[in-house]
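In what follows, a structure is listed as structure tokens, so that the remarks can point back to it.
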Amino acid sequence: DEVAPDRITMAAQARFVAGLLDQLGFDAVHAVGQSMGGAVAARFANDFPTRVRSLTLLSSAGPRGLHPELQAEADAGENPLVVSDFQRFQRLCWYAFARRRAPFPRALLLAVAERWAQRHEAKARYFDRLMAPIGHESVPAELRTPDVPVRIVYVRQERVVHLDNPLVLAAHLSGGAVHWLDDVGHVPHFEAPLAIARIIREVAQG
């Protein structure tokens, strides 16, 4: 089924998270988000500051959008984030990983690529809606800072989101200095899971 356009925004996803927490009975949580999930986590902290105990953003999307190289491909109609076959899935891995290939068995990659390809037309529409949000539903250029520990984690080999995003986020999130990681790409939780786990634990412990 198609997802309604008014649900494909960062603010809508933040409202969904709040509703989910209500259903689960949690008043506040340690919010962690990567890539688009980072943008949702930032928006959630902005819109529901009393429900956040700490905020950790990993290679987060933000007000500056995509990396210029990836944005150029998307503008040309060859968006690597929308996978239609295994070759394009490999192209996505080139952007996502520092070593430009996913550290997983080929059989798993083939299965994931096939599943993604089955929905690529819908995903393309969702991406277009996400990048042209309704009203003021994206990540605000000026975030309201929750009074909680904040860690903004980015990578030197970033090729998906714009590298000005951490500077913008750090400028508006109190105490949100950027923590840079070397030798990993846009998905550091796959390439350096222990380091990411340590960072999340440190932030959650204040």
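The values are calculated or read from the model by the stated rules, or taken from the named source; none is laboratory data. Note that this is a predicted model, so its numbers are computed, not measured. With ideal geometry, Cβ positions are generated from the backbone for all residues, glycine too; neighbour counts draw on all protein chains shown. For accessibility, only protein heavy atoms count, side chains too; no ligands or nucleic acids. Shrake-Rupley method; radii C 1.70, N 1.55, O 1.52, S 1.80 Å.
Surface analysis of region 1-59 yields an accessible area of 48 Å² per residue, using protein heavy atoms and a 1.4 Å probe. When the Gaussian network model of the chain links Cα atoms closer than 10 Å, the mean-square fluctuations of Q118, Q23, Q157 top out at Q23. Dividing the summed -39500 (n - 2.57) terms of all DSSP H runs of n ≥ 4 by the residue count of the chain sets its mean residue ellipticity at 222 nm at -14000 deg cm²/dmol.
Roughly how big is region 105-206's charge dipole about its Cα centre, with Cβ charges of +1 (Lys, Arg) and -1 (Asp, Glu), in debye to the nearest 20? All intermediate terms of the calculation are to be shown ahead of the outcome.
Working: 12 positive and 12 negative charges, 69 e Å.
Its charge dipole is roughly 340 debye.
Axis of helix 10-24 versus longest Cα principal axis of the chain: the two differ by about 70°, to the nearest ten degrees. Roll a 1.4 Å probe over the protein chains and send me the accessible area per residue for region 90-150 in Å². Computed with neighbouring chains in place, this is 69 Å² per residue. Under a 10 Å cutoff between Cα atoms, tell me which one of P188, P80, P105 has the largest fluctuation in the Gaussian network model of the chain. In the Gaussian network model the winner is P105.
Computed over the chain with a Gaussian network model linking Cα atoms closer than 10 Å, the most mobile of Y126, Y154, Y95 is Y126.
Accessible area per residue (1.4 Å probe, heavy atoms of protein chains only) ranks R7, R100, R129 as R7, R100, R129, with the largest value leading.
Accessible-area rank, largest first, for W180, W94: W180, W94, with all protein chains present and a 1.4 angstrom probe.
Measuring nothing but protein heavy atoms, the accessible surface of region 79-164 at 1.4 Å probe radius is 51 percent carbon and sulfur. Extension gain, F104 to D75, is 7.5 nm, computed as 0.36 nm per intervening residue step minus the present C-alpha separation. Measuring with a 1.4 angstrom probe and ignoring ligands and nucleic acids, E137 comes out at about 40 Å² accessible. Among 84-91, 39-46, 59-66, sorting by the average number of other beta carbon atoms lying within 10 angstrom of each residue, highest first, gives 39-46, 59-66, 84-91. Taking Cα centre as origin and charging only the Cβ of basic (Lys, Arg, +1) and acidic (Asp, Glu, -1) residues, the dipole magnitude of the chain rounds to 480 debye.
Counting alpha carbon pairs within less than 8 Å and at least 6 residues apart, what relative contact order, in whole percent, applies to the chain? Don't jump to the answer; show the numbers that get you there.
Values: 350 pairs, mean separation 55.9, N = 206.
Over the chain, the number comes to 27 percent.
Find how many whole Å separate the alpha carbon centroid of region 167-199 from the alpha carbon centroid of region 18-49. Computed from Cα coordinates, the inter-centre distance equals 18 Å. Shape descriptor for region 36-195: Rg over Rh equals 0.98 (Cα atoms; Rh from the Kirkwood inverse mean 1/r).
Residue order by solvent-accessible surface for I8, I200, I152 is I200, I8, I152, largest first, with ligands and nucleic acids left out and a 1.4 Å probe.
Taking a ≥ b ≥ c as the square roots of the eigenvalues of the Cα gyration tensor, an a/c ratio of 1.5 or more together with a/b no larger than b/c marks region 121-192 as oblate.
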